[in-house]
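Undergrad: Sharing a structure below in structure tokens format, with a few things to ask.
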Amino acid sequence: MSLPIRGRLTLWYVGLLAVILVLVGAFLIVLLQRGLMAGVDQNLDDHANEVAIDLRGGDRSFETTTSLRALSRGAFAAQLEAGDGRVLLSTDDPTGRQPMITPQVRGEVLRREPVRLTSRLGPERARFRVLAVRFPHGGGADVLVVARSLVDVDESVRRLRLLLIVAVPVAAAVAGAGGWLLARKALLPVARMTRKAELISADRLQERVAVPRARDELGRLASTLNDMLDRIERGVQEQQRLVADASHELRTPLAVMRSEIDVWLRAPALPQQAREALESVGEEVERMSRILDNLLTLARIDEGRLDLLCAPQGLDELVGEVLSKLRPIAESKGITLRADGEDAEVLADAPRFELVIVNLVDNAIKYTGPGGEVRVRLWHDHHEGGITVSDTGPGISEEALPHLFDRFYRADAARSRAAGGSGLGLAICKEIVTAHGGRLWASSKLGEGSSFSLAMPLAGDARQVAPTGG
């Protein structure tokens, strides 16, 4: 699953910060280690000079050498080695009594300059910083070796490393939380624009997203979205005007064609083949007239000019009239058509509401096979009255259900065309019911038939919706 932008920004921020902290921490450890080691080397130089001065002054015992008495035993060790590796003098501790440098180092010191190295010395193999210098005397030379334990250096580095191990994750976590909050605040205008854009549908194209006051990328994005909505709104309005104008212009020619076909069909001498052709053309003209009426109704709805003269209507009476008109069609297909339930009085525009019931029952008859049944059930509750039209047809797939009330949508295009459907009937029903303040929905399962239910405000309900129109 892809992370949201806020999560990705936070992860990048925390990752980059963690890398920076690790690099800075490593740099600090190296810097501290070098600084402490430089101090140790300087300290060894000072003590080597002091010991050499004491030895040249005739003090041949390390135990009485002034420069060594102040040093704690174990933290510091010194010895004077002969050229053959024998320890001539040393501090009285296990580390000083054993040779602290190898023959190779000893030979290098005798030949050239002082040697510095880090070595593990003593019975505990502790880390020591060792300085070996040439100590000339008389006609020969010995090697003076001074060493200092690195326990305090290692402890300081260890503490810093431990501090960084604890501090880096804590700092990254705190920075991550802060980065999450900052990213949330920075992207809040995007979230507001998203919520607003989700609410803008085909019937709310006049709405716009709020433009942030800041003149930044988000402000330009909001302005671009609003410009796009302006273009979409103008395009939809032009399309609606085109549909409305075309529907108006086509009604007259279709009416003339229907009249002329009726006149020709009354002619007694009309050949049977011509009569059948005219009857087929007449059916197509009738179908085109219904489509134009539907388009005009949708155009009026889009323009807010759907006239609703709402008055109390008895569901039982309206359903009875519809069933009486459609019963011959159902019987011709061998379909049982029946109604039951409790009557209710709803607030509705009678012709518009009857059109809705006709469309629902007619659709149920079209998609129910011979021997099937179409049932219209009347019902009501405390606030709504309605009907449910159920059939025993093939049913509708779950993928098609959310789109049933979309314009020009047909779940089965081939069957819809064969049944004379245009994909506008249910869309018109939905718009009319919504304009009444009602609800229309469908439920179905493949192979188990379909049910279409509508609910309207009761005539005596306080939530009655005022008639709309203009």
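Undergrad: Using only protein heavy atoms and a 1.4 Å probe, report how much of Thr252 is accessible, in Å² to the nearest 10.
TA: Probe radius 1.4 Å; accessible area of Thr252 about 90 Å².
Undergrad: Return the percentage of antiparallel bridges among DSSP beta bridges fully within the chain, rounded to the nearest 5 %.
TA: That works out to approximately 90 percent antiparallel.
Undergrad: Ordering Ile357, Ile29, Ile232 from largest to smallest accessible area (1.4 angstrom probe), what's the sequence?
TA: From most exposed to least exposed: Ile232, Ile29, Ile357.
Undergrad: Still on this model: Ranked from the most accessible area to the least, with a 1.4 Å probe and all protein chains present, what is the order of Leu144, Leu162?
TA: Highest to lowest solvent-accessible surface, that is Leu162, Leu144.
Undergrad: Of Pro312, Gly386, Ala344, whose Cα points farthest to the positive end of the dipole of the chain (charges on the beta-carbon: +1 Lys, Arg; -1 Asp, Glu; origin at the Cα centre)?
TA: Gly386
Undergrad: So, one more: Looking at segment 180-235, which trypsin sites (Lys or Arg not before Pro) are in a loop (DSSP not H, G, I, E or B) and have at most 15 other Cβ atoms within 10 Å?
TA: Arg213, Arg215
Undergrad: Right, something else. Quick one: if the Förster radius is 51 Å, what FRET efficiency do Ser332 and Asn226 give, using the C-beta to C-beta distance and rounding to 0.05?
TA: The formula returns an efficiency of 0.40 here.
Undergrad: In percent, how large is the relative contact order of the chain, given Cα pairs closer than 8 Å and 6 or more residues apart?
TA: Worked out over the chain, it gives 10 percent.
Undergrad: Eight or more residues apart or on different chains, and alpha-carbon atoms under 25 Å: count the Lys pairs in the chain matching that.
TA: Going through the chain pair by pair, I get 10.
Undergrad: Shifting gears a bit: Please compute the per residue accessible area over the chain with all protein chains in place, 1.4 Å probe, rounded to a whole number of Å².
TA: 58 Å²
Undergrad: Please work out the FRET efficiency for the pair Ala197 and Val30, using the Cβ-Cβ distance as r and a Förster radius of 60 Å; give the result to the nearest 0.05.
TA: After rounding, the FRET efficiency stands at 0.65.
Undergrad: For the chain, which whole percent of the accessible surface, found with a 1.4 angstrom probe, sits on carbon and sulfur atoms?
TA: The value for the chain is 57 percent carbon and sulfur by accessible area.
Undergrad: Which helices of the chain meet both criteria: a Cα extent of 18 Å or more along the helical axis and a mean Kyte-Doolittle score no lower than 0.0, with helices taken as whole DSSP H segments?
TA: 5-56, 151-199, 315-332, 350-366
Undergrad: On to the next question. What do you reckon, how do Leu17, Leu326 stack up by accessible area (1.4 Å probe), largest on top?
TA: My answer, sorted largest first, is Leu17, Leu326.
Undergrad: I would also like to ask the following. Considering only protein heavy atoms, what is the solvent-accessible area of Leu292 at a probe of 1.4 Å, reported in Å² to the nearest 10?
TA: Looks like 10 Å² after rounding.
Undergrad: Using per-residue counts of other Cβ atoms within 10 Å, averaged over each peptide, order 123-133, 428-438 from highest down.
TA: 428-438, 123-133
The values are calculated or read from the model by the stated rules, or taken from the named source; none is laboratory data. Keep in mind that this is a model prediction, so the values were computed, not measured. Virtual Cβ from ideal backbone geometry, glycine too; neighbours counted across all protein chains shown. Note: areas computed on protein heavy atoms with side chains; ligands, DNA, RNA excluded. Shrake-Rupley method; radii C 1.70, N 1.55, O 1.52, S 1.80 Å.
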